[in-house]
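Trainee: First the structure, which I've put down as structure tokens, then a few questions once you've had a look.
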Amino acid sequence: MTLLSVRDLNIRFTTGDGDVHAVNNVSFDLSAGQKVALVGESGSGKSQIALSIMGLLAKNAIVSGQVMFNGNNLLAASNDELNQIRAQKIAMIFQDPMSALNPYMKVGRQLSEIVELHEGLSRRDARIRAIEVMEAVQIPDAKRRLDAYPHEFSGGMRQRIVIAMALICRPQIILADEPTTALDVTVQAQIMHLLDDIQRDMDTAVLLITHDLGVVAGFCEDVMVLYGGRMMEKSKVGALFKSPSHPYTRGLLRAVPNIHDQTGQLHAIPGSPPNQMNAPTACPFAPRCNDVIDTCWQTLPELTGEDTQRACIQPVEALS
Amino acid sequence: MLNYSLRRLAFAIPTIFALVIFAFYLMRLAPGGPFTSEKPLPPAVMANVLERYGMDEPLYVQLFTYIKNILCCFDFGPSFSQKDRSVNQIIASGFPVTLTYGFWSAVFVLICGIPLGVIAALRHNSFWDYLMTGLAIFSQIFPNFVLAPIMVLLFTLSWGLLPGGGWNGGQWQYIVMPAIGLGTSYMAGVARLTRGSMLEVLNSPFIRTARAKGLPERTIIWRHALKPALLPTLTYMGPVFVYMITGSVFIDVFFSTGGIGQDFIDGAYSRDYSVLLGLAIIYCVLTLSINLVLDLLYAWIDPKVRDAL
């Protein structure tokens, strides 16, 4: 059952130098309990997609398209209408646990205010819920830690609080924006396990935004690859890792350091991310692509295919 | 917290001592003295006067006697220029006046400045924001010696609403114009400062988190944004309050409030060592206490500071 349906999402930002086309014609669906990864390098527009769903884009953003949830287009919803959906139906986990929590407020209060507001709980009951959800994200001694301030927690513990905030109303969808990027590798694994367990218990749909392909392989079923604000490839995780079908995806996978690589060299994709000051008219990856042909500079490839969808005019067999 | 306050009070004592010694010697370095006049006094009379005020002794003995009198009897000595008045009397009559309208002026600065700043930030880049910022800049550069006569012209002479000067035991009618005259430019400063810090806080990631919780805008402002946005204002208000009390000379003179600013000016002109020194000590104690109150307020707002205490 499709919960969330994003259609032809375009996000532009007006700046003094002109419009930046951050997200171009992105469409995807999210079903109940599905775990989808949205992968791309910095600036590819992945966080902006999540923020547009929450209605939290910066003021200079111009957004078009549709984000359908329960028959409502969230892009056209008023702030009051969105406030009925935020946290209750769709929650977001933010990237940096150091700055995502209010440093002047006890963590317990930052959790309990959510259920006080949305479920009309009394202060006492809301505190009990806060303890429960802190225990659910495995914060030891939750009852005592309720009255601690964010700076009294380690980075990993703070990220658990941020996750607890997203979970406390048992939302149908969680948008996790790089939930482990700011953390140590060992803590990363713990947090991803935790998310995985909770996701299974609550049958929540998760959109995992990341640039870490290792995290994707361990957690998700489906992957969407974003480049220059355009969808390059949509596929099952297994298929993507076994036989990536888009030149950009191939480049990404080659860039993951491999311990069996005897040369000891690191592989980078040559060139730099595209300038997004103009709406794309050709494949945005063409300037950095190994397999570029003349037509690539003239046509804007659309996503095509059945199980694996790809936006590339060349057949898979023709790629190097 | 109590421990910290006591420690701070203990540190205040050597600070006050250092100030007394420094100010004592510095004043004596200035040319002239309390009894210098165009027509010099006959040497015999001068010697008598100096002896009467203990000024025939070496400086360090005078300093010692001065400090001893304060410590044992809380006696700041006689005024050198105002006959038959002691420094204690001068301070007792003038300081409460200055402190009273200084306090109400600070209240005016805060209850007008903070809301103006917050509203300007919430209506960022709108007509109201520009109006508020424009007014703030205007009143910040508007000197009180221009503002005070205009107020008197309007409120006293034209409309007859408020008395043009005097104190009359501190009835509210007599406090309004001194308080506004003293506070207007600081009020504008607070408004601009609050606007800036509010804008910064509203753009911070933890406010975005609060929005993602679906909290209504009102709750976001009051519960999440206001406290951190007020920290810079608090920092600004400490020295400003001290400055308002000590720098109220013009207001005291213009509105004839009988405040302490007038005594300070007179004392400086006539080299009235004991009045100047007494007032310096009062200002010093005031500054130290306000700084302590500020630090405690900081600790109340910011849990990180609290842990450091």
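The values are calculated or read from the model by the stated rules, or taken from the named source; none is laboratory data. Treat the numbers as computed from the prediction; the structure is a model and nothing was measured. We place every Cβ from the backbone using ideal geometry, glycine too, and count neighbours over all the protein chains shown. The protein model used for the area step is the full one, side chains on, heavy atoms only, and it has no ligands, DNA or RNA in it. Shrake-Rupley method; radii C 1.70, N 1.55, O 1.52, S 1.80 Å.
Trainee: Please check which bits of segment A:41-65 a label hung off residue A:181 would reach, taking the label as a point 7 Å along Cα-to-C-beta and the cut-off as backbone N under 13 Å.
Mentor: Under 13 Å, as judged by backbone N against the label point of residue A:181, lie A:41-51 of segment A:41-65.
Trainee: Along the charge dipole of segment A:216-320, Cβ charges K/R +1 and D/E -1, which of A:276, A:292, A:217 sits furthest on the positive end?
Mentor: A:276
Trainee: Taking the Cα atoms of segment A:16-104, what is the range of coordinates along each of the three principal axes, in descending order and whole Å?
Mentor: 38, 37, 28
Trainee: Provide, in order from the shortest bin, the percent of all Cα-Cα pairs of chain B in each 10 Å bin, continuing until the bin that contains the maximum pair distance.
Mentor: P(r) for chain B, in whole percents per bin: 5, 21, 25, 23, 15, 7, 3, 1, 0.
Trainee: Roughly how many Å² of residue A:281 are accessible to a 1.4 Å probe, to the nearest 10?
Mentor: 110
Trainee: Using +1 on the beta carbon of Lys and Arg, -1 on that of Asp and Glu, and nothing else charged, what's the dipole of segment B:2-73 about the Cα centre, debye to 20?
Mentor: Numbers: 6 positive and 4 negative charges, 73 e Å.
The dipole of segment B:2-73 has a size of about 360 debye.
Trainee: At R0 = 41 Å, how high is the FRET efficiency between residue A:239 and residue B:300 if r is their beta carbon distance? Nearest 0.05 is fine. Don't jump to the answer; show the numbers that get you there.
Mentor: Values: r = 58 Å, r/R0 = 1.41.
The computed FRET efficiency comes out at 0.10.
Trainee: Round to the nearest 0.05 the FRET efficiency obtained for residue B:161 and residue B:111 when R0 = 22 Å and r is the Cβ-Cβ distance.
Mentor: Numbers: r = 21 Å, r/R0 = 0.94.
The computed FRET efficiency comes out at 0.60.
Trainee: Mind checking which lysines have their Cα closer than 20 Å to the Cα of residue B:83? Skip sequence neighbours fewer than 8 apart in that chain.
Mentor: Partners within reach: B:39.
Trainee: Translational D (Stokes-Einstein, µm²/s) of segment B:2-73 at 37 °C and 0.692 mPa s when Rh comes from the Kirkwood sum over C-alpha pairs? Before the final figure, lay out each step's value.
Mentor: Values: Rh = 14.8 Å.
Using the Kirkwood radius from Cα pairs, D works out to 221 µm²/s.
Trainee: Assigning unit charges at the beta carbon (Lys, Arg +1; Asp, Glu -1) and nothing else, what dipole magnitude in debye, to the nearest 20, does the protein assembly as shown show about its Cα centre?
Mentor: Here the protein assembly as shown has a charge dipole of around 940 debye.
Trainee: Which whole-angstrom value gives the distance between the alpha carbon centres of segment A:116-149 and segment B:215-292?
Mentor: So the separation of the two Cα centres works out to 43 Å.
Trainee: Mark the label point 7 Å from the Cα of residue B:234 along Cα→Cβ and return the residues of segment B:287-309 whose backbone N is within less than 18 Å of it.
Mentor: It comes to B:288-309, nothing else.
Trainee: Next question, about the same structure. How big a patch of accessible area, both sides summed and in Å² to the nearest 100, lies buried between A and B at a 1.4 Å probe? Walk me through the numbers before you get to the answer.
Mentor: Numbers: alone 15430 and 17130 Å², together 30450 Å².
For A against B, buried area totals roughly 2100 Å².
Trainee: Given the pairs A:35/A:89; A:35/A:234; A:143/B:213; A:89/B:227; A:35/B:213, which are separated by over 25 angstrom at their Cα positions?
Mentor: Going by Cα-Cα distance, A:89/B:227 fall outside the 25 Å limit.
Trainee: Separate question: Suppose all protein chains stay in the model; what accessible area per residue would a 1.4 Å probe give for segment B:90-308, in Å²? Don't skip to the answer; put the middle values down first.
Mentor: Working: 9720 Å² over 219 residues.
Roughly 44 Å² per residue, with all protein chains present.
Trainee: Next up: From the residues B:95, B:150, B:237, which one has its Cα farthest along the dipole of segment B:90-308 in the positive direction, the dipole being from +1 and -1 charges on Cβ of Lys/Arg and Asp/Glu about the Cα centre?
Mentor: Result: B:237, furthest along the dipole toward the positive end.
Trainee: Give me the 1.4 Å probe accessible area per residue for chain A, excluding ligands and nucleic acids, in Å². All intermediate terms of the calculation are to be shown ahead of the outcome.
Mentor: Numbers: 14390 Å² over 320 residues.
Heavy-atom SASA per residue in chain A reads 45 Å².
Trainee: Could you work out how far the C-alpha centroid of segment A:193-251 sits from that of segment B:164-185, in angstrom?
Mentor: The distance from the Cα centre of segment A:193-251 to that of segment B:164-185 comes to 69 Å.
Trainee: Using only Cα atoms and rounding to the nearest 10 degrees, what angle (0 to 90) does helix B:172-202 make with the longest principal axis of chain B?
Mentor: It works out to around 50 degrees.
Trainee: Could I ask something else about it? Against the longest alpha carbon principal axis of chain B, how many degrees, from 0 to 90 and to the nearest 10, is the axis of helix B:2-29 turned?
Mentor: Here the helix axis deviates by roughly 50 degrees.
Trainee: Mean Kyte-Doolittle hydropathy of -0.5 or higher plus an axial Cα length of 24 Å or more: which whole DSSP H helices in chain A meet both?
Mentor: On the way: long enough: A:185-202 (26 Å, 0.07).
Qualifying helices: A:185-202.
Trainee: Within 12 Å, Cβ to Cβ, of residue A:196, how many net charges do the neighbouring residues add up to if Lys/Arg are +1 and Asp/Glu are -1?
Mentor: Values: positive: A:35, A:200; negative: A:197, A:201, A:221.
Net charge around residue A:196: -1.
Trainee: Inverting the mean 1/r over all pairs of different Cα atoms, compute the Kirkwood radius of segment A:138-191 and quote it in Å.
Mentor: On the way: mean 1/r = 0.0823 Å⁻¹.
About 12.1 Å, per the Kirkwood formula over Cα pairs.
Trainee: From the C-alpha coordinates alone, can you work out the Kirkwood hydrodynamic radius of the protein assembly as shown, in Å?
Mentor: Numbers: mean 1/r = 0.0333 Å⁻¹.
So the Kirkwood estimate lands at 30.1 Å.
Trainee: Then there's this: In whole Å, what is the distance between the alpha-carbon centres of segment A:11-41 and segment B:21-59?
Mentor: 82
Trainee: Assuming R0 = 51 Å, what is the FRET efficiency of residue A:281 and residue A:154, from their Cβ-Cβ distance, to the nearest 0.05?
Mentor: Numbers: r = 48 Å, r/R0 = 0.94.
After rounding to 0.05, the efficiency reads 0.60.
Trainee: Additional query: How shielded is A:71-81 by partner chains, expressed as the average number of their Cβ atoms within 10 Å of its Cβ atoms?
Mentor: Working: counts 0, 0, 0, 0, 0, 0, 0, 0, 4, 3, 0.
For peptide A:71-81, the averaged partner shielding equals 1.
Trainee: Continuing with the same structure: If you keep only loop residues by DSSP, which trypsin sites (Lys or Arg not before Pro) in segment B:67-171 have at most 16 other Cβ atoms within 10 Å of their Cβ?
Mentor: Working: sites: B:68, B:83, B:85, B:123; in loops: B:83, B:85, B:123.
Answer by residue number: B:83, B:85, B:123.
Trainee: State the answer as a single residue: which of A:82, A:205, A:128 lies farthest towards the positive end of the charge dipole of chain A, with beta carbon charges of +1 for Lys and Arg and -1 for Asp and Glu, about the Cα centre.
Mentor: A:128
Trainee: I'm a student and want to see the number: the projected area of the Cα convex hull of segment A:199-262, averaged over all directions, in nm².
Mentor: Values: hull surface 21.0 nm².
With every direction weighted equally, the projected area is 5.3 nm².
Trainee: So what is the calculated 222 nm ellipticity per residue for chain B, using -39500 (n - 2.57) for each DSSP H run with n of 4 or more, over all residues, to the nearest 500 deg cm²/dmol? Intermediate results must be reported in sequence, preceding the final value.
Mentor: On the way: 13 runs with 224 residues, N = 309.
Counting only the DSSP helices, I get -24500 deg cm²/dmol.
Trainee: Nearest 500 deg cm²/dmol is fine: what mean residue ellipticity at 222 nm does chain A get from its DSSP H runs of n ≥ 4 alone, each adding -39,500 (n - 2.57), divided by its residue count?
Mentor: Working: 11 runs with 102 residues, N = 320.
Mean residue ellipticity at 222 nm (helix-derived): -9000 deg cm²/dmol.
Trainee: What's the longest uninterrupted piece of chain B once you rule out the chymotrypsin sites (Phe, Trp or Tyr not before Pro) that are loop residues per DSSP with at most 10 other Cβ within 10 Å? Could you put the intermediate results ahead of the total?
Mentor: On the way: sites that count: B:74, B:159.
Result for the longest clean stretch: B:160-309.
Trainee: Taking accessible area as the heavy-atom solvent-accessible surface of the protein chains with a 1.4 Å probe, which residues of segment B:203-225 lose no less than 20 Å² upon going from the isolated chain to the full protein assembly?
Mentor: Flagged in segment B:203-225: B:205, B:206, B:208, B:209, B:211, B:212, B:213, B:214, B:215, B:216, B:223, B:224.
Trainee: What do you get for GluC sites (Glu not before Pro) in segment A:83-122 restricted to DSSP loop and a cutoff of at most 15 other Cβ within 10 Å of the site's Cβ?
Mentor: Working: sites: A:113, A:116, A:119; in loops: none.
Filter output for segment A:83-122: empty list.
Trainee: Give the carbon-plus-sulfur fraction of the accessible surface of chain B in %, rounded to a whole number; probe 1.4 Å, heavy atoms of protein chains only. Can you show the working numbers first?
Mentor: On the way: 11140 of 16060 Å².
That fraction is 69 percent.
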